[in-house]
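To start, the structure itself, in structure tokens.
The values are calculated or read from the model by the stated rules, or taken from the named source; none is laboratory data. Given the structure is predicted, the values throughout are model-derived calculations rather than measurements. Cβ placement follows ideal geometry from the backbone for every residue including glycine, while neighbour counts extend to all protein chains displayed.
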Amino acid sequence: MIRLEPRPSPSRHAIWLAPLAAAAATVVLGFVLFSALHQDPWAALAAFFVEPVATRYGVGELLLKASPLMLIGTGLAIGYRANVWNIGAEGQLALGAIGAGGVALAFGDSGSPLVLPAMLAAGAICGLAWAAIPALLRTRFHANEILTSLMLVYVANLVLSWLVHGPWRDPEGYNFPQSRVFVDAALLPNLLADTRLNWGLPVALAVVVAAWVFVRASFLGFRMRVAGLAPGAANYAGISPTRTVWIGMLAGGACAGLAGANEAAGPIGQLLPSMSPGYGFAAIIVAFVGRLHPVGIVLASLLLSLLYLGGESAQIRLGLPSAVTGLFQGTLLLFLLAADVLVNFRLRFQARPTGRVPAVR
Amino acid sequence: MEALAHLLVLTLAAGTPLVFAALGELVVEKSGVLNLGVEGMMLVGAVGAFIVTAKTQSPWAGVVAGMATGALLSLVFAVVALTLLANQVATGLALSLFGVGLSAFVGLDYVSVVIKGLEPVAIPGLSTLPVIGSLVFGHNPLVYLSLALFVAVQLVLDRTRTGLIVRAVGESPKAAHAIGYPVIAIRYATVLFGGACAGLGGAYLAVAYTPLWVEGMTAGRGWIALALVVFATWKPARVLAGAYLFGGVTLAQFQAQAAGVELPSQFLAMLPYLATIVVLAIISRDAALIRLNAPASLGRPFHPDT
């Protein structure tokens, strides 16, 4: 019989091994799944995990898709560390795209060098404002931020849909639901020749570093961590739970909004009814798999980005639906949570249950 | 009068998936477990029900399959959150993400398949009576099943020993454990029940309400069901009322369009989500009310040695 025995303190090894084990288990699941679908599993795994990044262009795509994931994951991690559960990043991303797109369309083809910075700022502010709604509802009305932030995802996507179907529709776009294509001044400059990689990556990395400094080196960041680890002690020490919620939500919202602006000003270059293939949800997985730690988040964003590319590649090479990406994403997180048991518990193998009297506390 | 009766019938039909999912989640939460995976379980139940219906031509086989697949997915939650003691919020989220991905993946070949869904019962002589006919006798069989489920949940939770044990486990798992109840096993049972109910809600959508499969067809109903349990302050009768209220709101967009309201369709489509947010804020405003009614151990993992 196997028993779980609580560890006196969390295992430092297990904290880092669990994400690796989860990633490995996901690959094994892929092997089983591809075999079950009558594919040569090794060739399928190669098509999924290796071929997409075997070219210079592919590496560019990997980094391009990892940028919004690490950006949003970093913002969400600030909240998650303090037990503030913002799961509406997908909606905050849409609002960020709307903000950036609004600025780009307002500037028209003036070619002003201010367009791009204004777009990114507007994106971050719009995402932040959208996240302020659940923050206000939580702090003022005690409404559960998980549910309100998620409901706002649907609302945000409908706002975006209305804009591109209605007021912001390209008058020369043959009635397609899309905005005008942004002028060059409103697009992020390319970073790596022969790829689509743009300056969104350095922006994302800068935010990751800034967030790390905030969490590790600022007093406010310290108080946020205490609020997450020991809410009772935090309260006793005078750390305001209201402030914690606000900072946690707004950080996630601003990062998601900035990511939305980067998408609008980057690979997409206009507003479409959908600005993201679920980056806001995938970033939740990035935050967890990355252990809410900046280095981990960057690595996890590369892994999740690879899952996106693998899904596309599987569709082209193997004729499998690209929805397999979502399946792998969910599996990865479930495996991680399952593996996490070894952080706080150790396995004890016993021939049979002993008659030991449990310690009374 | 006839028109009002028709509207009531439509409201009941629109609220029924929420009744199933929210009643299931209510039982789960009563036992102290927070499973945020309702949306995922509904979708998997919907796709499972649809595929089996398409293969067997029997919508009832589909309904059973929907319940089974919903329960199977909830078993994943139970293993990770109850046996392996993972954070319930994170596990529920993961389950929803997984369910969305899984249902999209398996359902891809069925997107434009046409099935013959469950039809409303037609009792000769009774269903054609004016007003009463459609109001009492003209519903889909699953609507009656949802009402039966409501009565059963209400009675079992309030009036039986089983209900008392479930509530005890939710209020104080330590005390329940100390007097010898298998806390984890009881929680497994409620989680599986919740999964089957969510699957049933999804099955209702895919084989009765709109007999077709579309990726993400639950459109957030799983999350609304979660909010409903909070609105209802964990009381089954209020879950029922809330579900029909939201069913009515969902209908409002179609009614408004039919009535020629000059509002972009997107704004009407926002109504259920905005209503959820507003009602959740109003109910949650009274923190004491929530604290008093929420199961005391809600969301906390239970391990006998910690």
Legend entry - Those residues of region A:100-118 which are within 23 Å of the chain's Cα centre (by Cα) and closer than 12 Å to A:Q270 by Cα, in sequence order: A:A100, A:G101
Legend entry - Check on A:P321, touching a Ser or Thr at 6+ places or on another chain (Cβ under 6 Å), surrounded by fewer than 23 Cβ atoms within 10 Å (Cβ to Cβ) and within 12 Å of chain B (Cβ to nearest Cβ): no
Legend entry - Every pair of residues 6+ apart whose Cβ atoms lie under 6 Å, when the first sits in region A:127-141 and is more than 9 Å from chain B (Cβ to nearest Cβ) while the second is aromatic (F, W, Y): A:A135/A:W246
Legend entry - Residues being more than 20 Å from A:A300 (Cβ to Cβ), out of contact with any Gly (no Cβ under 7 Å at 6 or more places or on another chain) and without any contact (Cβ under 8 Å) to a residue 40 or more places away in the chain - total across region A:315-340: 4
Inset, instruction - Just give me the residues in region B:215-258 being over 22 Å from the mean Cα position of the chain (by Cα) and either facing chain A (nearest Cβ under 10 Å) or buried (at least 16 other Cβ atoms within 10 Å of the Cβ) (or both), in sequence order. - result: B:A256
Inset, instruction - Could you tell me whether region B:172-186 includes any residue that is at pLDDT below 90, within 23 Å of the chain's Cα centre (by Cα) and surrounded by 14 or more Cβ atoms within 10 Å (Cβ to Cβ)? - result: no
Legend entry - Where B:G199 falls short, out of the listed (1) of a type in the set (G, A, S); (2) surrounded by fewer than 24 Cβ atoms within 10 Å (Cβ to Cβ); (3) over 17 Å from B:A13 (Cβ atoms): (2)
Inset, instruction - Note down all Cβ pairs under 8 Å where the first residue falls in region B:259-271 and is away from chain A (no Cβ under 12 Å), the second is part of a helix (DSSP H, G or I), and they're at least six residues apart or on different chains. - result: B:V261/B:L268
Legend entry - Unmet criterion (only one of (1) among the small types (G, A, S); (2) in contact (Cβ under 8 Å) with a residue 24 or more places away in the chain; (3) facing chain A (nearest Cβ under 7 Å)) for B:S96: (3)
Legend entry - Residue identified as touching a helix residue (DSSP H, G or I) at 6+ places or on another chain (Cβ under 9 Å), at the interface with chain A (Cβ under 10 Å from one of its Cβ atoms) and surrounded by 21 or more Cβ atoms within 10 Å (Cβ to Cβ) among B:A90, B:A78: B:A90
Inset, instruction - Return the residue satisfying two criteria in turn: it lies in region B:104-141 and is buried (at least 18 other Cβ atoms within 10 Å of the Cβ) and part of a loop (DSSP other than H, G, I, E, B), and of such residues it is modelled with the lowest pLDDT. - result: B:G138
Inset, instruction - Restrict the check to region B:192-208 and report whether at least one residue is more than 25 Å from B:H139 (Cβ to Cβ) and hydroxyl-bearing (S, T, Y). - result: no
Inset, instruction - Within region A:197-219, track down each residue that is part of a loop (DSSP other than H, G, I, E, B) and farther than 22 Å from A:P113 by Cβ. - result: A:S218
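For every residue, the table says whether it meets (1) within 13 Å of B:T69 (Cα to Cα); (2) in contact (Cβ under 8 Å) with a residue 40 or more places away in the chain.
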{"site": "B:P182", "(1), (2)": "no, no"}
{"site": "B:F193", "(1), (2)": "yes, yes"}
{"site": "B:A198", "(1), (2)": "yes, yes"}
{"site": "B:Y204", "(1), (2)": "no, yes"}
{"site": "B:V207", "(1), (2)": "no, yes"}
Inset, instruction - Working only within region A:1-31, note down all residues that are of a type outside the set (G, A, S), within 14 Å of chain B (Cβ to nearest Cβ), over 17 Å from A:D340 (Cβ atoms) and in a helix (DSSP H, G or I). - result: A:L29
Inset, instruction - Could you give me the residue pairs with C-beta distances under 6 Å whose first residue belongs to region B:210-236 and is under 17 Å from B:L34 (Cβ atoms), whose second residue is of a type in the set (K, R) wherever it lies, and which are 6+ apart or on separate chains? - result: B:A232/B:R238
Legend entry - region A:179-194, residues that are touching a residue at least 12 places away in the same chain (Cβ under 8 Å), surrounded by 14 or more Cβ atoms within 10 Å (Cβ to Cβ), part of a loop (DSSP other than H, G, I, E, B) and not polar (S, T, N, Q): A:R180, A:V181, A:F182, A:V183, A:L187, A:L188, A:L192
Inset, instruction - Specify which of the listed residues (B:G70, B:G101) is in contact (Cβ under 8 Å) with a residue 40 or more places away in the chain, closer than 29 Å to A:G280 by Cα and assigned to a helix (DSSP H, G or I). - result: B:G70
Inset, instruction - Restrict the check to region B:45-61 and report whether at least one residue is surrounded by 21 or more Cβ atoms within 10 Å (Cβ to Cβ) and either outside any helix (DSSP H, G or I) or modelled with pLDDT under 90 (or both). - result: yes
Inset, instruction - Go through A:I285, A:I268, A:I247 for me and flag whichever is hydrophobic (A, V, I, L, M, F, W, C), buried (at least 18 other Cβ atoms within 10 Å of the Cβ), at pLDDT 90 or above and out of contact with any helix residue (DSSP H, G or I) (no Cβ under 7 Å at 6 or more places or on another chain). - result: A:I268
Legend entry - Hits in region B:177-208 (condition: over 14 Å from B:G24 (Cα atoms) and out of contact with any helix residue (DSSP H, G or I) (no Cβ under 8 Å at 6 or more places or on another chain)): B:A178, B:I179, B:G180, B:P182, B:A185
Legend entry - Residues of region A:1-40 satisfying the condition of being charged (D, E, K, R) and over 25 Å from A:L302 (Cβ atoms): A:R3, A:E5, A:R7, A:D40
